[in-house]
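Engineer: Starting off with a structure, shown below.
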Amino acid sequence: MDIMKSMVVGKDSTMFQNFPDEKSFDNVLKLVYPNYYKDWSADIIFDRSLVGYEKNYNLITKYVNPHFKCVVLIRDLFDVFASYLKWADESPNCFLNENKIPVDKQIEHLMHPDGLIHQSLIGTINLYNNHRSNTIFIYYKDFVENPKKEIDRLYRFFNLKDFQHNFENIPQFEVNGIQYKDEIYGDNMHTISTNLLTFNEDDTFKKYRSMISNNLYKKYHGINKWMMSIK
């Protein structure tokens, strides 16, 4: 998605305007996704991106697939905050620790309009209001408590055959020998639990949720309540 967006911005350049070959430019855009994933050894790939933004959504329908479907993972917003706080507590080189700012400012930093959480919320609102029929919403809590049930529901939505996954021995994400270089943003940012059947974070999260001020609870209560009511 980021590659496509960068290319589309290129249409505003004087070089393109000097020779506005729309068809040739569009031919390149149509091949961005096939070429990016060409060497990935997988039959099915779910691309993670901020496709919920209407401009991004329109790019996919125009250049990739006019009938594509979306998956949105819904998680309690304050649990998301707590997760970041826990990560920052355990990873000294986490980007939230750079300026030694208090917890409230760390959370406001996460909710900056240009930040991933804020943009994800905007995208979720757009998908729910305008593209609900081709979007499946999965609650994080439901997925953790019963991953097979939610995976089966996902496969039905995409008309895929059932597959027996191993939820007790999940490898860390790696493709073509490449893993996340988490030292860029903070150690273990993308480290996952390798056993979903024994995963439990409720007790741990009480500590970090308690660090969130009442002012922030009041500020984000409305959007969180709406999001957690999505069906």
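The values are calculated or read from the model by the stated rules, or taken from the named source; none is laboratory data. Remember, predicted model here, so these are calculated numbers, not experimental data. Here the Cβ positions follow ideal geometry from the backbone for every residue, glycine too, while neighbour counts run over all protein chains shown.
Yes/no per residue for (1) at pLDDT 95 or above; (2) assigned to a helix (DSSP H, G or I); (3) farther than 23 Å from Thr124 by Cβ:
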| position | (1), (2), (3) |
| --- | --- |
| Ser49 | no, no, no |
| Tyr57 | yes, yes, no |
| Thr61 | yes, yes, no |
| Val71 | yes, no, no |
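Engineer: Among the residues of segment 171-195, what is the count of those that are of a type in the set (A, V, I, L, M, F, W, C) and over 19 Å from the mean Cα position of the chain (by Cα)?
Structural biologist: Final tally of qualifying residues: 1.
Engineer: If I go through segment 88-119 residue by residue, how many of them are touching a helix residue (DSSP H, G or I) at 6+ places or on another chain (Cβ under 9 Å) and assigned to a helix (DSSP H, G or I)?
Structural biologist: 15
Engineer: Of everything in segment 167-177, what is of a type in the set (A, V, I, L, M, F, W, C) and either in a loop (DSSP other than H, G, I, E, B) or over 25 Å from Ile151 (Cβ atoms) (or both)? Give them in sequence order.
Structural biologist: Correct list: Phe167, Ile170, Phe173.
Engineer: Inspect segment 128-141 for any residue being within 18 Å of the chain's Cα centre (by Cα) and closer than 23 Å to Ile184 by Cβ and give the result as yes or no.
Structural biologist: Checking segment 128-141: not a single residue is within 18 Å of the chain's Cα centre (by Cα) and closer than 23 Å to Ile184 by Cβ.
Engineer: Could you list, in sequence order, the residues of segment 180-197 that are under 17 Å from Glu90 (Cβ atoms), of a type in the set (D, E, K, R) and either outside the structural domain of Ile170 (by TED's automatic domain parsing) or part of a loop (DSSP other than H, G, I, E, B) (or both)?
Structural biologist: Within segment 180-197, Asp187 is the sole residue that qualifies.
Engineer: Of the residues Ile192, Ile170, Ile178, only one is without any contact (Cβ under 8 Å) to a residue 40 or more places away in the chain, aliphatic (A, V, I, L, M) and loosely packed, with under 10 Cβ neighbours inside 10 Å; which?
Structural biologist: None of the other options fit; the residue is Ile178.
Engineer: If you don't mind, there's one more thing I want to ask. What's the total number of residues in segment 131-140 that are outside any strand (DSSP E or B) and surrounded by 14 or more Cβ atoms within 10 Å (Cβ to Cβ)?
Structural biologist: Of the residues in segment 131-140, 2 are outside any strand (DSSP E or B) and surrounded by 14 or more Cβ atoms within 10 Å (Cβ to Cβ).
Engineer: Hey, Leu73 hits all of (1) more than 30 Å from Phe163 (Cβ to Cβ); (2) surrounded by fewer than 17 Cβ atoms within 10 Å (Cβ to Cβ); (3) in the same structural domain as Tyr128 (by TED's automatic domain parsing) but one; which does it fall short on?
Structural biologist: Answer for Leu73: the failing condition is (1).
Residue by residue, here is whether (1) β-branched (Val, Ile, Thr); (2) closer than 15 Å to Asn58 by Cβ; (3) part of a helix (DSSP H, G or I) holds:
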{"site": "Ile3", "(1), (2), (3)": "yes, no, yes"}
{"site": "Val8", "(1), (2), (3)": "yes, yes, yes"}
{"site": "Phe25", "(1), (2), (3)": "no, no, yes"}
{"site": "Val28", "(1), (2), (3)": "yes, no, yes"}
{"site": "Pro34", "(1), (2), (3)": "no, no, yes"}
{"site": "Asp39", "(1), (2), (3)": "no, no, no"}
{"site": "Ala42", "(1), (2), (3)": "no, no, no"}
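Engineer: Next question, about the same structure. Cβ-Cβ below 6 Å, separation at least six or inter-chain, first residue in segment 59-80 and farther than 16 Å from Trp226 by Cβ, second among the polar types (S, T, N, Q) and modelled with pLDDT of 95 or more: which pairs?
Structural biologist: Between residues of segment 59-80 that are farther than 16 Å from Trp226 by Cβ and residues that are among the polar types (S, T, N, Q) and modelled with pLDDT of 95 or more, the close pairs are Lys69/Asn134; Cys70/Thr135.
Engineer: Kindly indicate the residue of segment 151-166 that is of a type in the set (Phe, Trp, Tyr) and part of a loop (DSSP other than H, G, I, E, B) and also modelled with the highest pLDDT among those meeting that condition.
Structural biologist: Among residues in segment 151-166 that are of a type in the set (Phe, Trp, Tyr) and part of a loop (DSSP other than H, G, I, E, B), the one modelled with the highest pLDDT is Phe158.
Engineer: If you go through segment 200-220 one residue at a time, do you hit one that is surrounded by 14 or more Cβ atoms within 10 Å (Cβ to Cβ) and assigned to a strand (DSSP E or B)?
Structural biologist: No, there is no match, as no residue in segment 200-220 is surrounded by 14 or more Cβ atoms within 10 Å (Cβ to Cβ) and assigned to a strand (DSSP E or B).
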